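Right, one structure below, let's go through it.
The values are calculated or read from the model by the stated rules, or taken from the named source; none is laboratory data. Since the model is a prediction, treat every value here as computed from it, not as a measurement. So basically every Cβ, Gly included, is an ideal-geometry build from the backbone, and we count neighbours across all protein chains shown. Note: accessible area is taken over every heavy atom of the protein model, side chains too, but ligands, DNA and RNA are not part of it. Shrake-Rupley method; radii C 1.70, N 1.55, O 1.52, S 1.80 Å.
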Amino acid sequence: MHSRFLTLGVIALASMSAAAADKRPISETDLYAFRWIASPQIAPDGAKIVYTLVTVDSKHDNYETSLWIVPSTGGLARQLTSGPRDSSPRWSPDGHTLAFLRAPEQKDKDGKPQPPQIWLLSMDGGDARALTGIPKGAADLSWAPDGRSIAFLSTTLPKDFDKKKDGNDDEESDVRVIVKAAYRMNGEGYWDPDRHSHIWTVAVPHPLAAVEKAHQITTGEFSESDIIWSRDGSKIYFTSNRVPEPYYEPPHDEIYTVAAAGGEIAKVAAIDGPIRAIALSPDGGRIAFIGSINRGADVPERSYSQPDLFVTAVEPGSVPRNLTAAYDFDIGGGVGGDQAPPRGSGASKPYWGADGRGIFVGSAEEGRANLKRIDAESGKVESLTSGDHDVFSYSATPDGSKAALLISTPTNIGDLYLLDGASGRLEQLTHINAELFDKLNLTPPEMFWYKSFDGRRIQAWVQRPPDFVPGKKYPLILDIHGGPHAAYGYTFDHEFQWMAAKGYVVLYPNPRGSTSYGQDFGNIIQYHYPGDDFKDLMAGVDESIARGWVDPAKLGVTGGSGGGVLTNWTIGHTDRFKAAVSQRSIADWRDFWYTADFTLFTPFWFRGAPWEQEADFKERSPITYVEKIATPLMLIEGESDMRTPPGAGGEQMFRALKYLHKPVVMVRFPGETHELSRSGKPVHRVERLQHIVAWFDKYLEGREIHTYDVN
C-alpha cells in the first residue's frame, strides 16, 4: 500500500510539474491585461448582479469603467453600458431601473475632468439617460423606498447655477486663502473652504424625458456623508462631524436625521469615536454602524482603535450599544494588497437579516477577511464564510437571503460569488482573469508563525519562486506594509508574485502594530514607532534563513508609506541588507507633522507637538541615523504625494546620502499621489516594479545595470 501511494504521489507531482511547464512566469506588464470587478450590486429579487468592470485603457495611462450584469444562477456576463467612465450602480427598489454615475469623457475648457452625473437605465430596454446636470456632479446615490426619488451628495453651490445659466466664463482668482490647518487631501488636491458635501434629492419621473432639477436638502459649513432613507421615506439619516476644526480633537462623527423635504437636523446618536457604514433595520427602528472608540483604559487616546459593530435606536438622543466589545478582531477590516480595483470601488455596509436579529458584516482575522453574522441582541459572532481569502466587497438583497461577494486570494485578483444566506454556500459566478491567468505559473505563498524577541507570535507569508527548489538558497526581499495600522494577508499582490517570478523569495510579515490581531497588538506601538516592530521584522528574516530558504548574504528590504519609514529605519540600524528601496516614505517626523495632508495635532503617535517633544521626534526619525547607513538605497516618490510629501521623506534621505557619498538614487513619478502602487497610471505602476527589481538585481545579484550610475 505504501509503495502504491508513493507511486501515485510521484505521478501527481510529475503531472503538476508538467502543467507548470506549460505556463509562463507572471510579468510586470501583465498588469496592462488585468481586469478588476468593483462594487457588486445584487438585484432586490436576487436574480442578477450588476458590477463595475475596470480595465486598462489602450494607452496604458488610465483606467476605463463600464457596467456589466450576470445572472445569479451563473452564466455569461453581458455588458450594460459602454463606459468609459461609468460606475456606482444602484438598483431601484422594484429592480426595474438602474441608477449609476457617468462622467463625461471629454474635459472642460480648463482641461480638467468633468464631474459625474446620475444616469438611469431601464432593465426593460432602451438607452441610458441623464437624470441630473448639477454643476459639481453627484456622489453616494441612495434610492427612496418608493423609487420616486434619489438622494445624493454634491458640493454644488447656488452661484454655480448662476454661472451655468449666464454662461459667465470670467476666471476666478487662483489665489488660495488658507484658514484651516487641514486644507488639502492626497489624491484630491486643495479643498475649497466654501464647499461642503451636502444632501440633495432629485425626482425620478417615468418615463424620463429630460434632465431633472435637483433640490438641496442640507446647507451650512459642515459636510454630510453616508446617507440612507427611513423606511417610510419621510427622513434621511446621515453621518457628520460638526466641529469647525476637528483635527484638534480625536476623530469622531455623529448620526443625524433630516426630513426628506429639508429643515432642521436632529442628532440621533454618537460615540467617542468615528462612525461609518450606517445600515437601517428591517423595521426601521434601529441603525447598525461600524465605529471605533478613541480612548482605552491604558491611554487617554490610541493610535489604533479597533473597529466594532454598534446598534442604536433611531430616536434622537439614543445611546448606541457595542455588540462586539468582546470580539477582539477588526469589524469592517480587511487585508492589503496592490490589486484592489483602481477605480469604481465603494465601501460595503453591514446588512440585516429579514428577522432583524442578525447583522452581517465583514471582519478581518489574522490576515483573512470573511463575512460574519452578529446577533443584534447578544452580540454573538458566527462565521458566514471562512477560508484563506479576502472578502473585500459585498451587497445583499433587502431580506439578506442572498449576497454578492467579491473574493480575492493570493493567486486570484478577485471574482464574483453568490452567497446563499441560509446554507452559507458560495458559488463562483465569474472568472474575470481566466484568459490571462490560465497562462501564468502562479503559486500560493506559505504562511507561518514565528516568535519575536519578547515571545510575541508574529504571522508572516513567504512567496517563493514558482520553480522553487528545496535546499537551494535564494536572495530575499523583505517587503514591509504601510499604515502602520494595516495588514498583509490572503489576497492577491502582483508585486510579490512578480518578484518571486524574478527569482526572489519574498517575505511579508505582519509585525506588531498590524491590524486583524486584536486591540493590544495593534496599539502596542503607540509612542514606540518605529521600534520593536523593526525587531519583529528582523526575527522574521532570521526565521527565513533558519528554514533554509535564504542566502544570508543576499538580503534586500523595501516598503511603502509606513513600510518606507521602516525601510529607512532598518538600514539606519543594521547593515545586513545589501540593497533597499524606500517608497513614499518619511525621513523626519518633524517635517511630516508640518506638511502632511492630515494633521497630527492630537497626540496619537507623539505626545505633543515637535517643539514640545523635540527629543522624541528626533529619536524616532530615520534621518537622525543617516550617517550609519551603508546600504545602497533607492527612493521612490510620487511628485503629487500629499500624504507623505517628498520633502519630508525621500528628498531628505537622497540629499543627506549624496552629501555622505553613499550609493543612492531617487526615482520620481510625475503627477502621482500616495496611491502610486495601487491606482497610479498603469505605465507608472509597471515602471515602479521594474525599478525596484532592477535595484535588487544590481546589488543582490550583481547584474550589470548602468541606469543608476552617475555619469
Check: Can you give the angle from 0 to 90° between the axis of helix 682-700 and the longest principal axis of the chain, with both taken from C-alpha atoms, to the nearest 10?
Finding: 20 degrees
Check: Can you pull the percent of the stretch 214-356's accessible area that's carbon plus sulfur, 1.4 Å probe, other chains left in place?
Finding: 53 percent
Next item on the list: Could you tell me the distance between the Cα centroids of the stretch 487-522 and the stretch 427-485, to the nearest Å?
Entry: 7 Å
Note to self: Quick check: the angle from helix 650-659's long axis to the longest principal axis of the chain, C-alpha only, nearest 10 degrees?
What the structure shows: 30 degrees
Next item on the list: Once you have the Cα-Cα distance between TRP449 and LYS472, take 0.36 nm times their residue separation minus that, and quote the gain in nm to one decimal.
Entry: 6.1 nm
Item checked: Cα long-axis angle, helix 532-546 against the chain (0 to 90 degrees, to the nearest 10) -> 50 degrees
Check: Summing +1 for each Lys or Arg and -1 for each Asp or Glu, what net charge is found among the other residues whose Cβ lies under 14 Å from the Cβ of ARG148?
Finding: -4
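Just to confirm a number: summing +1 for Lys and Arg and -1 for Asp and Glu over residues other than ILE636 whose beta-carbon lies under 9 angstrom from that of ILE636, what do you get?
Here the count lands on +2.
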Next item on the list: Specify whether the C-alpha gyration tensor of the stretch 611-711 places it in the rounded, prolate or oblate class, a ≥ b ≥ c being the square roots of the eigenvalues: rounded for a/c under 1.5, otherwise prolate if a/b is larger than b/c and oblate if not.
Entry: oblate
Item checked: Euclidean distance of C-alpha centroids, the stretch 105-133 and the stretch 670-711, integer Å -> 37 Å
Check: Under the classification rounded if a/c is under 1.5, otherwise prolate if a/b is larger than b/c and oblate if not, where does the stretch 172-261 fall, given a ≥ b ≥ c as square roots of the Cα gyration tensor eigenvalues?
Finding: oblate
Note to self: Along the charge dipole of the stretch 191-319, pointing to its positive end and built from +1/-1 on Cβ of Lys, Arg, Asp and Glu, which listed residue (TRP200, PRO251, SER234) has its Cα farthest out?
What the structure shows: SER234
Item checked: Protein accessible area in the stretch 553-711, 1.4 Å probe - carbon and sulfur % -> 49 percent
Notebook entry, point to check: Picking from SER154, SER452, MET666, whose Cα lies most toward the positive end of the charge dipole for the chain (charges on Cβ: Lys, Arg +1; Asp, Glu -1)?
Noted result: SER452
Notebook entry, point to check: If you keep only loop residues by DSSP, which chymotrypsin sites (Phe, Trp or Tyr not before Pro) in the stretch 579-649 have at most 16 other Cβ atoms within 10 Å of their Cβ?
Noted result: PHE598, PHE601, TRP611
Next item on the list: For ASP146, tell me the accessible area in Å² from a 1.4 Å probe, rounded to the nearest 10.
Entry: 100 Å²
Item checked: Per-residue [θ]222 nm for the chain (sum of -39500 (n - 2.57) over DSSP H runs n ≥ 4, rounded to 500) -> -5000 deg cm²/dmol
Check: Counting Lys and Arg as +1 and Asp and Glu as -1, each charge on the Cβ, what is the dipole of the chain about the Cα centre in debye, to the nearest 20?
Finding: 1160 debye
Item checked: Probe 1.4 Å, accessible area per residue of the chain, Å² -> 43 Å²
Check: Which value, in debye to the nearest 20, gives the size of the charge dipole of the stretch 241-398 about its Cα centre, when Lys and Arg are +1 and Asp and Glu are -1 at the Cβ?
Finding: 360 debye
Margin query: In the chain, once you exclude exposed GluC sites (Glu not before Pro) (DSSP loop, at most 14 other Cβ within 10 angstrom), what's the longest stretch remaining?
Written below: 378-611
Next item on the list: Pull out a ≥ b ≥ c, the square roots of the eigenvalues of the alpha-carbon gyration tensor of the stretch 442-580, then state rounded if a/c is under 1.5, prolate if not and a/b is larger than b/c, and oblate in the remaining case.
Entry: prolate
Notebook entry, point to check: Local charge sum around TYR51 (other residues, Cβ-Cβ under 13 Å, Lys/Arg +1, Asp/Glu -1)?
Noted result: +3
Notebook entry, point to check: About its Cα centre, what dipole magnitude does the stretch 429-491 give when the only charges are +1 on Lys and Arg Cβ and -1 on Asp and Glu Cβ, stated in debye to the nearest 20?
Noted result: 340 debye
Margin query: Just want the answer: with Cβ charges of +1 for Lys and Arg and -1 for Asp and Glu, which residue in VAL211, ALA325, PRO484 is farthest toward the dipole's positive end in the chain?
Written below: PRO484
